[in-house]
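To start, the structure under review is shown below, and the notes come after it.
The values are calculated or read from the model by the stated rules, or taken from the named source; none is laboratory data. This structure is a prediction, so every number in the text was calculated from the model and none was measured. Glycine also receives a Cβ, built like all others from the backbone with ideal geometry; neighbour counts cover every protein chain displayed.
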Amino acid sequence: MAGTLPYALEVTGLVKRYGRTTVLRGLDLKVPWGECLVLFGPNGSGKTTLIKLLAGLSKSTKGSISIAGRDLPKHATSLRRLIGVVSHQSFLYGDLTGYENLQFFGRLFQLESLDTRIHETANLMEIEEQLHHKVRTLSHGMQKRIALARALLHDPPILLLDEAETGLDQGALQAFDRVLTTRGRHRTIVMTTHNLDRGLALGSQIALLAKGRIMYEEKRALLDETYLRDIYAELSGVH
């Protein structure tokens, strides 16, 4: 897949309106396979809306989205196997245990050796001791870990992460970073964050989103960090 197509995700002329409010305004974006794109932007810039559109959780007003060469929303069902999503919603069932939640999602993807896969992913996120507790009884941070395990369970080549580190303790952040920095599987990542230091440490491609448009984009290796911080501070109103 990555060998035949240069881009994991391509977005062209993307517009999203909610009633009279325009959130995304003709946005263009290309993410090559194996890259980690970090999106910075102030509140209300359109980051969460973009992640929802890329995940097939919402439909655009105008423009096109291509994932692995296939158009959304036309191929949304088949593309779900390629994508793992962590957003502000956990997509977990509170009255089920962590194990039961992972089992449910694993069956949706018809995963083979499901029990083994659940325990491998739980071990990665260090949640094995909490697997058999009902999700609603767990802390927010532990629920977030299980949500991350859910997103990783079917080993997707593309991860979409909307402020996924929010609420994680130091141990979970370290486990999370191991997932993001393991490039051996050539996983493509699009993540939003308000944490400039973490984003700059993890990203190979950096973009700044504001007022529904990409205002700045550069490869991490070529980035003028001072310039980025100055632009971000100006757009965020933080000086």
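Quick notes on this structure:
- Any hit, region 137-146, residues being surrounded by fewer than 18 Cβ atoms within 10 Å (Cβ to Cβ) and outside any helix (DSSP H, G or I): yes
- Within region 66-89, tally of residues that are surrounded by fewer than 19 Cβ atoms within 10 Å (Cβ to Cβ) and touching a helix residue (DSSP H, G or I) at 6+ places or on another chain (Cβ under 8 Å): 2
- Residues in region 90-104 that are over 19 Å from residue 191 (Cβ atoms) and hydroxyl-bearing (Ser, Thr, Tyr) were compared, and the one that is surrounded by the fewest Cβ atoms within 10 Å (Cβ to Cβ) is 93.
- When region 18-60 is limited to residues that are β-branched (Val, Ile, Thr) and under 15 Å from the mean Cα position of the chain (by Cα), the one that is surrounded by the fewest Cβ atoms within 10 Å (Cβ to Cβ) turns out to be 48.
- The set of residues from region 147-190 being of a type in the set (A, V, I, L, M, F, W, C) and assigned to a helix (DSSP H, G or I) comprises 147, 148, 149, 151, 152, 172, 173, 175, 176, 179, 180.
- Members of region 126-136 that are outside any helix (DSSP H, G or I) and either basic (Lys, Arg) or touching a Leu at 6+ places or on another chain (Cβ under 6 Å) (or both): 134
- Candidate set from region 106-128 (those that are under 24 Å from residue 171 (Cβ atoms) and crowded, with 20+ Cβ neighbours inside 10 Å); member that is modelled with the lowest pLDDT: 125
- Take the conditions (1) at pLDDT 95 or above; (2) over 21 Å from residue 168 (Cβ atoms); residue 45 misses just one of them, which is (1).
- Within the set 163, 120, 129, the sole residue that is of a type outside the set (A, V, I, L, M) and within 16 Å of the chain's Cα centre (by Cα) turns out to be 163.
- Look at region 17-28: where a residue is in contact (Cβ under 8 Å) with a residue 24 or more places away in the chain and a partner is among the hydroxyl-bearing types (Ser, Thr, Tyr), sitting 6+ places away or on another chain with Cβ atoms under 8 Å, you get 17/61; 23/49; 24/49; 24/60; 28/12.
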